[in-house]
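The values are calculated or read from the model by the stated rules, or taken from the named source; none is laboratory data. On a predicted model such as this, the values are computed, not experimentally measured, just so you know. Cβ placement follows ideal geometry from the backbone for every residue including glycine, while neighbour counts extend to all protein chains displayed.
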Amino acid sequence: MGSAIEDAIRTEVMAQAPRAVETRHHLHQNPELSDREEKTSALVAERLRSYGIEDVRTHVGGNGVVATLHGAHSGRTIAIRADMDALPIQETSDLTYKSCVPGVMHACGHDGHTATLLGTAATLARMRDRIGGTVRFIFQPAEETVGGAARMCRDGAMEGVDAIVALHGWPGMAVGQIGVRPGPMMASSDTFDITVKGRGAHAAYPHLSVDPILVGSQLVVALQGLVSREISPTDSVVVTVAQFHAGTAYNIIPGSAEIKGTVRCLSPAIQDLMPARLERVAAGICAAWGAKYEFKYLRGTPVTVNDVGFNALVSEVGAQVLGADNVIELDEPSMGAEDFAMYLAHAPGAMFRLGVGEDVTPLHTPTYNFTDGAVAKGMEMFANITLRYLGSY
């Protein structure tokens, strides 16, 4: 039997969830790419104001929206974050609300994240008299291109925030389940560009060339050896070469080759060491074959590290709201990245996985769809976490 306030939250969530689901369908049908979320942002701001939340800021960090709900009594401030951008993928589902934008779809479920947070805002706005503190709603642009969170923070989204929470819809988990994990939850993600500069020649006379394809091929293999032979097997690192561009014809050895990829880590200390390690390998391989090189390394998102105490709060709320059997303690983090880590540099918090269905296709695929039933579960979790953190029960 839940407490009176838990029952009140559930009643309000059930009243607000149908509109939140309709909103998700609209967003799914009208996706916008990173830094192009103008219509999504305008809809979010309009909805927040309609809930009676007066403090709504737009154009935060680009197309971001930040709204602040002040409770009936003073207290701490908790932030809840959702991302709004879609991916450059052509949807192939048969949904009645499938994407109307060619080559763009919500293949990562940000339509569900945004709709869930809007539903949560509507719920909490109607429970303002029970809130002892402040709730900050953060709707972020450009998560997929890893720029939005840092810009949101620079524009003051986290000022005065004591803790922050977010969710990510997760296929392979049943609706009504959540996944939690203290410590590293998702990996860092950096990118590298290596240009191998050789000397071109006719394909019939390779001895006159410094073949950048040969050099680049050895470099790709050597980068994999760097992970397997220089880094402890207990420290997770993934170096992925995702692009290799060279040449224009069958009978020409080109003068250069370009190699591009990502580096993902679960340790901030190892992340700091990776640029020098990659460049050392590039310099050695190129020198051995008489080639030159250019090396660029761009730091992206840090490791997403869940605060132990706040993660425990999420687990406790999940056990009460969903049932203890539906709170899954994750054995390992994901090597995928999330720029939610940027907010965690300003305040402790946690991201949890929200089950969207065991048979749902994987993230970033052309048939992915955030399940309708997961919206209410996410709203209920967010609302209970908020009121519990703020000491309302």
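Within the range 241-261, the set of residues being without any contact (Cβ under 8 Å) to a residue 24 or more places away in the chain and either touching a Pro at 6+ places or on another chain (Cβ under 6 Å) or among the small types (Gly, Ala, Ser) (or both) comprises ALA242, ALA249. In the range 247-263, the residue that is farthest from THR195 (Cα to Cα) out of those that are buried (at least 17 other Cβ atoms within 10 Å of the Cβ) and over 34 Å from the mean Cα position of the chain (by Cα) is ILE253.
Which residue, of LEU313, LEU266, is touching a residue at least 12 places away in the same chain (Cβ under 8 Å) and surrounded by 22 or more Cβ atoms within 10 Å (Cβ to Cβ)? It would help to see each step written out before you state the result.
Numbers: LEU313 fails: surrounded by 22 or more Cβ atoms within 10 Å (Cβ to Cβ).
Matching residue, one of LEU313, LEU266: LEU266.
Of everything in the range 337-369 that is in contact with a Leu (Cβ under 8 Å, 6 or more places away or on another chain) and surrounded by fewer than 24 Cβ atoms within 10 Å (Cβ to Cβ), the residue that is nearest to VAL303 (Cα to Cα) is ARG353. Residues in the range 187-246 that are exposed (fewer than 12 other Cβ atoms within 10 Å of the Cβ), at pLDDT 95 or above and assigned to a loop (DSSP other than H, G, I, E, B): ALA204, TYR205. Restricting attention to the range 271-297, the residues that are in contact with an Asp or Glu (Cβ under 9 Å, 6 or more places away or on another chain) and farther than 14 Å from VAL215 by Cα add up to 7. Considering the range 136-158, the residues that are modelled with pLDDT of 95 or more and on the phi > 0 side of the Ramachandran plot include one that is surrounded by the fewest Cβ atoms within 10 Å (Cβ to Cβ), namely GLY156.
Among all residues of the range 189-200, there is at least one that is of a type in the set (A, V, I, L, M) and farther than 23 Å from GLY355 by Cα. Name every residue in the range 95-141 that is more than 22 Å from ASN384 (Cα to Cα) and charged (D, E, K, R), in order of residue number. Of everything in the range 95-141, just one residue is more than 22 Å from ASN384 (Cα to Cα) and charged (D, E, K, R), namely LYS98.
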